[in-house]
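Here is the structure we will look at.
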Amino acid sequence: MPVYRCSVPIGVIADEHRQPLATAITDIHVEVTGAPRHFVSVVFEERPTGVTFTGGRPAEPTIISGFVRAGREREARGALLSRISAAWCEITGQRPDQLVLGLIELDPTSTMEAGLIMPAPGEEAAWVEEHREALGALLA
Amino acid sequence: MPVYRCSVPIGVIADEHRQPLATAITDIHVEVTGAPRHFVSVVFEERPTGVTFTGGRPAEPTIISGFVRAGREREARGALLSRISAAWCEITGQRPDQLVLGLIELDPTSTMEAGLIMPAPGEEAAWVEEHREALGALLA
Amino acid sequence: MPVYRCSVPIGVIADEHRQPLATAITDIHVEVTGAPRHFVSVVFEERPTGVTFTGGRPAEPTIISGFVRAGREREARGALLSRISAAWCEITGQRPDQLVLGLIELDPTSTMEAGLIMPAPGEEAAWVEEHREALGALLA
């Protein structure tokens, strides 16, 4: 956690957009929240065109769902959304009105990495230190 | 937002069911919540058969996940679920016991459309008026 | 509900792993929560390799998202995560650091099975009894 799932109609982003988008989303998450970089996952899911409707009419929005730990202030969450939206548009050439973004906030005690229940936002450093061995491959 | 993701085994719904299902879900969401129509997205995701289990046995349920803004009364949420379930069954011929529905409720300040943080339920009209220019393509 | 969505890179699990994984997740959910077995769904979603990044670098984590009803103690949620992680690794041979797990907790009044709003955790037995007819096919 976090996991950002980016559902994109086939053909909207080029293969070579994925790495810069993943880097941008990861950088933004780390800068805004202070969370450790090695826990940020970004998944690009291509979906067929013609299977999505907005306002009851065929549409092809990009839908970014961030599954993040709960406990962050409104300002931080707003910054995540605004900056991810801006970076996405800059890299892909999409317009902001072609994006829908949402953060699904999970109780930290309901999230697990490397077999370990995750700490609350802000308490990651001590947790990483304590569990350096179990987290080994992730920290590499 | 909202985004209704409808995960359906391949072959369960015909291509021509998608438009009436999207129209029905959009109509129901607007009628029950009063939210603006142009923000309702419906995505149909076909999944292979044979990859789903219910009660530990192979099964092929339709799974409808509505990512909606939090802040609506129990009665409204119940009406959303009941009416969407009924419309789905009427259009597709599935039985209610073949459907699983859930609403994932997001803090409105954790959702974004057209580069703008969304307002709380009930405050959409003033927000749309204020941001008419940024929302342009969505309102068209 | 619950619905456990297991997003797995193609090739990571064999077809014959699905049934034992579904059985294990279902057993664990029932043992830990006491919820009725026939409402536990497990979906395996294969995603292409090369579309996922962790810490900004290509990675292929397995991501397990459990959409469950809210209202369970921290201890029960921790047991769900720990035991599912352990069972997954035992059956598939993956290491714990290759798994990300999260529980998305839904208000029970925002969930529906067989056309019925679900009860709070712990109140399932009376609810099943009351609605035995509507739940018929699911209980079979």
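The values are calculated or read from the model by the stated rules, or taken from the named source; none is laboratory data. Quick caveat: nothing in here was measured; it's all calculated off a predicted structure. Please note: Cβ atoms are built from the backbone with ideal geometry, for glycine as well, and neighbour counts cover all protein chains shown. In case anyone asks, the SASA skips ligands and DNA or RNA and just uses the protein heavy atoms, side chains included. Shrake-Rupley method; radii C 1.70, N 1.55, O 1.52, S 1.80 Å.
From its DSSP helices (H runs of at least four residues, each -39,500 (n - 2.57)), the protein assembly as shown gives a residue-normalised ellipticity at 222 nm of -10000 deg cm²/dmol. Mind checking which of B:G56, B:G11, B:V30 is farthest towards the positive end of the range B:11-57's charge dipole, using Cβ charges of +1 (Lys, Arg) and -1 (Asp, Glu) about the Cα centre? Checked the options; the winner is B:G56.
For the protein assembly as shown, what class follows from the C-alpha gyration tensor (a ≥ b ≥ c being the square roots of its eigenvalues): rounded when a/c is under 1.5, otherwise prolate if a/b is larger than b/c, else oblate? Working shown, then result.
Values: a/c = 1.42, a/b = 1.00, b/c = 1.42.
Rounded is the answer for the protein assembly as shown, as its axis ratio a/c remains below 1.5.
A 1.4 Å probe, protein heavy atoms only, puts the accessible area of A:H131 near 40 Å².
Remark: mean inter-chain Cβ contacts per residue of A:24-32 equal 1, using a 10 Å Cβ-Cβ cutoff to other protein chain atoms. Taking Cα atoms only, the orientation of helix A:74-92 departs from the longest principal axis of chain A by about 50 degrees. Database remark: amide H of A:E45 closer than 5 angstrom to the amide H of A:C6, A:S7, A:V8 (H placed geometrically; neighbours at sequence offset of 5 or more, or on other chains; Pro and chain starts carry no H). Of interest is the spacing of the C-alpha centroids, which for the range C:57-86 and the range B:22-52 amounts to 27 Å. Antiparallel beta bridges, as assigned by DSSP with both residues in chain A, represent about 40 percent of the total such bridges. Dipole of chain B computed with +1 at Lys/Arg Cβ and -1 at Asp/Glu Cβ about the Cα centre; of B:A137, B:F44, B:A114, farthest Cα towards the positive end is B:F44. The string of couplings for the range C:36-45 from the Karplus curve (6.51, -1.76, 1.60, θ = phi - 60°) is x, 4, 6, 9, 8, 10, 10, 10, 9, 10 Hz, one whole number per residue in order, with x for Gly and Pro.
Across the range A:123-140, coupling constants 3J(HN,Hα) worked out from phi with the 6.51/-1.76/1.60 Karplus curve, θ = phi - 60°, read 9, 6, 4, 5, 5, 4, 4, 5, 10, 3, 5, 5, 7, x, 4, 6, 7, 4 Hz, and Gly and Pro carry x.
Taking the 1.4 Å solvent-accessible surface of the protein assembly as shown as the whole, the part contributed by carbon and sulfur is 52%.
Just to be sure I understand: of the beta bridges DSSP finds with both ends in the protein assembly as shown, what percent are antiparallel, rounded to 5?
If I count the DSSP bridges inside the protein assembly as shown, around 50 percent turn out antiparallel.
Across the range B:1-136, the mean sequence separation of Cα contacts (distance under 8 Å, 6 or more residues apart), normalised by length, yields a relative contact order of 29 percent. In chain A, the longest principal axis of the Cα atoms and the axis of helix A:18-33 are about 50 degrees apart.
Taking both sides together, what accessible area is buried at the B/C interface, probe 1.4 Å, expressed in Å² and rounded to the nearest 100?
Interface area, both chains combined: 2400 Å², rounded to the nearest 100.
Annotation note: GluC sites (Glu not before Pro) in the range A:8-76 located in DSSP loop regions with a Cβ neighbour count of at most 13 within 10 Å are A:E73. Using alpha carbon coordinates only, what is the Rg to Rh ratio of the range A:58-140, with Rh defined as the Kirkwood radius? In the range A:58-140, Rg relative to Rh is 1.08. In this structure, the amide hydrogen of C:A114, modeled 1.01 Å from its nitrogen in the peptide plane, lies closer than 5 angstrom to those of B:L99, counting only residues at least 5 positions away or on a different chain. Simple spin-label estimate for B:R37 and B:E130 gives 2.5 nm between the two label positions (7 Å along the Cα-to-Cβ direction from each Cα).
A P(r) calculated from all alpha carbon pairs of chain A, with 10 Å bins opening at zero, reads 11, 40, 31, 15, 3, 0 percent.
Per-residue accessible area (protein heavy atoms, 1.4 Å probe) orders C:R57, C:R5, C:R37, B:R95 as C:R57, B:R95, C:R37, C:R5, starting from the largest.
Once the 1.4 Å probe is applied to the protein heavy atoms, chain A comes out at 38 Å² accessible per residue.
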